[in-house]
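The values are calculated or read from the model by the stated rules, or taken from the named source; none is laboratory data. Values in this document were obtained by computation on a predicted structure and should not be read as measured data. Neighbour counts run over all protein chains shown; Cβ positions are idealised from the backbone, glycine included. Keep in mind that these areas ignore ligands, DNA and RNA; they rest on the heavy atoms of the full protein, side chains included. Shrake-Rupley method; radii C 1.70, N 1.55, O 1.52, S 1.80 Å.
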Amino acid sequence: MMKGNKFPGGIHPFYGKEFTEGGKTETLPLPDKVVIPLSQHIGAPCKPLMTIGAMVKKGELIGETTGVIAAPIHASLSGKITNIGPSPHPGGNQILSMTIESDKKDEWIGGFEEHPDTLDIDIETIKKIIHKAGIVGLGGAAFPTHVKLNPPKTKNVHTLILNGVECEPYLTADHRLMVEQPNDVIEGLKILTRILGIKKAYIGIEDNKKDALRIMEQAVKKEGSRLVETHVVELETKYPQGGEKQLIQAILGLEVPNGGLPMDLGLVVQNVGTAAAIYEAVRYGRPLIDRIITITGRGIAQPKNLRVRIGTLVRDILSYCGGFAGEPGKVIMGGPMMGPAQYTLDVPIVKGTGGILVFPKEEVSVEESRACIRCAACIEVCPVGLLPNMLSITAEVLNFAEAKKFHPLACIECGCCSYVCPSRRPIVHQIRHIKMDMASTKKKVVMVT
Amino acid sequence: MVLGIWPHIRTETNINKIMYTVIATLIPGALAGVYLFGWSAIQVIAVSIVVAMGTEAAMQKLIKQKMTVFDGSAILTALLLAMTLPPGCPWWVTAFGSFFAIAIGKQIYGGLGYNPFNPALVGRVVLLIGFPLQMTTWENLHPLFSGVDVTTGATPLGDVQVARLSHKPVPDMETHQFWNMFTGNTMGSLGETSDLLLILGGLYLLYKHFITWHIPVSMIGTVVIFSGIFWLIDPAHYANPLFHVLSGGLMLGAIFMATDMVTCPNTPKGQLVFGAGCGLLTIIIRMWGGYPEGVSFAILLMNSLTPMIDRYIQPHLYGAKKGAGNK
Ligand code: SF4
Ligand code: SF4
């Protein structure tokens, strides 16, 4: 096992993983209905292929891609389409979604081509399978996976990094996946290295997941020479260790050039969950219709790791977990650092959802924000080397021209600055504001020229 | 259900915690002053705090700002100011300094966070200029309940200045005097005397991460090096570095005032530069200036350079040319 380096900055929040890190993954029983948003990835939304009243089977294609950076969408249970229209999305906006009511038969559409030996399919076919299966990055960013697997010819990709860090507090879905299905992850790694013609791979895992480190290390050893040179790397437990750029810095000591991509360094980073999903898609021919999530926090009666279908409503999942413990204060989709808070429980799990976190009322405090006291805490923790205080101050007075001098586009929106700010300044939001302003001015310029 | 913005978790450290912690770390030094100088010291501290809080409240009321008198920052400013004053400072002088510190040093700029200069030092320097006599009348030690009457005399730094101005050799210092200066058993401003207690307070702040070592170390280090060079060249006319480190407000200034987060630079490197500047200016004023003590002026002058230091010394941006891919 290798030890990782460090990346600068970062924080050590309360991790809260003990609620669920030892809990074996259960499967949520068949829900009565699912609401499947037609956009679950970065990029253009999908076009609905069904009409209200149509009967669909599990795994049937219901949303077709319209752009390159997109992933198709499939039904996650069999039944009748009862609604197509805008519905709440975990991101906070309304998105065109399809509601499927279960016929209780839970039938697959069938016709899937299985591949007991994933090594004897040719690479182009594998790529097609991954594309058709609708796989996106399951770490949260939901970037369509097949796009990452087609690097431009000019980039000499030589190394794969599997991200098993899961640095958001409370979440343990990836942790449990590595502990319970190490071979799926390894099989996914094999497929990935084969597609990309890669000779070297790293699996980065934080040192608060000792069992996962040990199990993945054993799995790698067992494969021996059937694997490209693969190292399990033990990384310091620190948020945002799982940020793509921080992970690269911690494992290889390299910085992705400003404005560039990991590919520019010959690297491809994939989440361990994505690797396992790739294996399942290639091995069984089935599309991505479910994933493991963590339901946790002191506001939940029975915290769990659960395999749930895409489109399952938070309401149904919570009731399976015994409902709220006490009065709920906040329901968050994802982790507490970057996950958005929800205003309704009728919001579905999407491909990029890592968990549901519930804080009881007493854990939610709202403090008013005050003037920056220049304590520099935010600068110290910023993993990117920004001056979050200057970004915050300039954004506050809407001086966007000045704000742009402080490299807002380099911000990875990890929230470390807001986390430490003793003045409780909403720094990440102010930075997003600057970014939005920049995006809109850019568009204007494009329209003019 | 609350919506709220992410991150949904925050550190426990907030403004009040920082301010009250710094106040707590100053209390041992202040208590030493109370012990050494008795009721005169208590009066100075009390007047300073009452006037500071009153001024802040009045001004915030006047401009209809949110009241934040109890966030600890006004008390901290007042306590810091009091600690730099002579123990027998007349109440109206103290009151004026404290009023000036809050009104002109802080609120006029918009309150906590917006002030470019350390408010306590603004108050102190105004008093130094406006009331030189009251600011340099030093009480001899008359510990609490000791029954010793209040008499006045000169401070070690004052002695050195007199010698310097009259071109006489600096007075000899014996080891036990250094020890007295270190522990606080010496004359001077009411809270500056016990370097030992101030250092202990500073160590706690370091441990709590409310200050970093950069400014105190570079400031004191520069004082040692710079005064050391002159002392080595001409020990008869220049006081030795140990004297400079232990006397006057250097320790209080280096640990508690130069490190004021609002007015010092952001980055560790910037803080090293800032501290070195403070140290250098302190010694220049002490050796050649018109005041025996240079710490306050030095820090204020460097405060004015903080924006420039911050502009030129910024952290390394991830992925920016330097260091990218070549480590
Ligand atoms: S400025 Fe951006 S990258 Fe830096 S700590 Fe804040 S959110 Fe993270
Ligand atoms: S952490 Fe908050 S108060 Fe401190 S410098 Fe940054 S923005 Fe200002």
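Given the conditions (1) within 10 Å of chain B (Cβ to nearest Cβ); (2) touching an Asp or Glu at 6+ places or on another chain (Cβ under 7 Å); (3) open to solvent by 10 Å² or more (accessible area, probe 1.4 Å), and given that A:PHE400 satisfies all but one, which numbered condition is not satisfied?
Exception for A:PHE400: condition (1).
Would region B:294-310 turn up any residue that is among the small types (Gly, Ala, Ser), open to solvent by 50 Å² or more (accessible area, probe 1.4 Å) and in contact (Cβ under 8 Å) with a residue 60 or more places away in the chain?
Yes, there is a match, as at least one residue in region B:294-310 is among the small types (Gly, Ala, Ser), open to solvent by 50 Å² or more (accessible area, probe 1.4 Å) and in contact (Cβ under 8 Å) with a residue 60 or more places away in the chain.
What pairs come up if the first residue lies in region A:366-383 and is farther than 24 Å from B:PRO116 by Cβ and in contact (Cβ under 8 Å) with a residue 12 or more places away in the chain, the second is open to solvent by 20 Å² or more (accessible area, probe 1.4 Å) and more than 15 Å from ligand 1 (Cβ to nearest atom), and their beta carbons are under 9 Å apart, counting only those six or more places apart or on different chains?
Pairs found: A:GLU367/B:ASN14; A:GLU368/B:LYS66.
Among A:PRO303, A:PRO240, which is in contact (Cβ under 8 Å) with a residue 24 or more places away in the chain, in contact with a helix residue (DSSP H, G or I) (Cβ under 8 Å, 6 or more places away or on another chain) and more than 12 Å from chain B (Cβ to nearest Cβ)?
A:PRO303
Looking at (1) buried (at least 23 other Cβ atoms within 10 Å of the Cβ); (2) closer than 27 Å to A:LYS330 by Cα; (3) more than 8 Å from chain B (Cβ to nearest Cβ), which is the one condition that is false for A:GLU413?
(1) is the only condition that A:GLU413 fails.
Would you mind telling me which numbered condition in (1) away from chain B (no Cβ under 14 Å); (2) open to solvent by 10 Å² or more (accessible area, probe 1.4 Å); (3) modelled with pLDDT of 95 or more A:LEU227 fails?
(3)
Mind checking which residues of region A:24-49 are surrounded by fewer than 17 Cβ atoms within 10 Å (Cβ to Cβ) and of a type in the set (Gly, Ala, Ser)?
A:ALA44
What number of residues in region A:340-382 are within 9 Å of chain B (Cβ to nearest Cβ), among the polar types (S, T, N, Q) and either open to solvent by less than 20 Å² (accessible area, probe 1.4 Å) or within 16 Å of ligand 1 (Cβ to nearest atom) (or both)?
1
Here is a list: A:GLU168, A:GLU187, A:GLU113. Which entry is part of a loop (DSSP other than H, G, I, E, B) and surrounded by 20 or more Cβ atoms within 10 Å (Cβ to Cβ)?
Step by step, each of A:GLU168, A:GLU187, A:GLU113 is checked, and only A:GLU168 is part of a loop (DSSP other than H, G, I, E, B) and surrounded by 20 or more Cβ atoms within 10 Å (Cβ to Cβ).
Got a number for residues in region A:384-413 being within 6 Å of ligand 1 (Cβ to nearest atom) and in contact (Cβ under 8 Å) with a residue 60 or more places away in the chain?
The total comes to 3.
Can you tell me which residue is farthest from B:THR11 (Cα to Cα) among those in region A:422-435 that are within 8 Å of another protein chain (Cβ to nearest Cβ) and buried (at least 22 other Cβ atoms within 10 Å of the Cβ)?
Going through the qualifying residues, I end up with A:VAL428.
What's the total number of residues in region A:383-424 that are part of a loop (DSSP other than H, G, I, E, B) and either within 9 Å of ligand 2 (Cβ to nearest atom) or more than 23 Å from A:GLU168 (Cα to Cα) (or both)?
Of the residues in region A:383-424, 9 are part of a loop (DSSP other than H, G, I, E, B) and either within 9 Å of ligand 2 (Cβ to nearest atom) or more than 23 Å from A:GLU168 (Cα to Cα) (or both).
For (1) open to solvent by less than 30 Å² (accessible area, probe 1.4 Å); (2) under 24 Å from B:PRO86 (Cβ atoms); (3) within 14 Å of chain A (Cβ to nearest Cβ), each residue gets a yes or a no:
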{"site": "B:VAL217", "(1), (2), (3)": "no, no, no"}
{"site": "B:GLY221", "(1), (2), (3)": "yes, no, no"}
{"site": "B:TRP231", "(1), (2), (3)": "no, no, no"}
{"site": "B:TYR238", "(1), (2), (3)": "no, no, no"}
{"site": "B:GLY248", "(1), (2), (3)": "yes, yes, no"}
{"site": "B:CYS264", "(1), (2), (3)": "yes, no, yes"}
{"site": "B:VAL273", "(1), (2), (3)": "no, no, no"}
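Scan region B:10-51 for residues that are closer than 30 Å to A:GLU327 by Cα and either surrounded by fewer than 21 Cβ atoms within 10 Å (Cβ to Cβ) or of a type in the set (Lys, Arg) (or both) and jot them down.
B:ARG10, B:THR11, B:GLU12, B:THR13, B:ASN14, B:ASN16, B:LYS17 - these are the residues of region B:10-51 that are closer than 30 Å to A:GLU327 by Cα and either surrounded by fewer than 21 Cβ atoms within 10 Å (Cβ to Cβ) or of a type in the set (Lys, Arg) (or both).
Determine whether A:THR99 is surrounded by fewer than 18 Cβ atoms within 10 Å (Cβ to Cβ) and over 28 Å from A:ALA212 (Cα atoms).
Spelling it out, it is not the case that A:THR99 is surrounded by fewer than 18 Cβ atoms within 10 Å (Cβ to Cβ) and over 28 Å from A:ALA212 (Cα atoms).
For B:GLY319, are the conditions met, namely being away from chain A (no Cβ under 14 Å) and not aliphatic (A, V, I, L, M)?
Criteria not met by B:GLY319.
Of the residues that make up region B:206-213, is at least one touching a helix residue (DSSP H, G or I) at 6+ places or on another chain (Cβ under 8 Å), open to solvent by 50 Å² or more (accessible area, probe 1.4 Å) and not in a helix (DSSP H, G or I)?
yes
Rundown of residues vs (1) of a type in the set (Phe, Trp, Tyr); (2) over 14 Å from the mean Cα position of the chain (by Cα); (3) assigned to a helix (DSSP H, G or I), yes/no style:
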residue	(1), (2), (3)
A:GLY242	no, no, no
A:GLN246	no, yes, yes
A:GLN249	no, yes, yes
A:ASN258	no, yes, no
A:ASP264	no, yes, yes
A:GLN270	no, no, no
A:GLY273	no, no, yes
A:ALA276	no, no, yes
A:ALA281	no, yes, yes
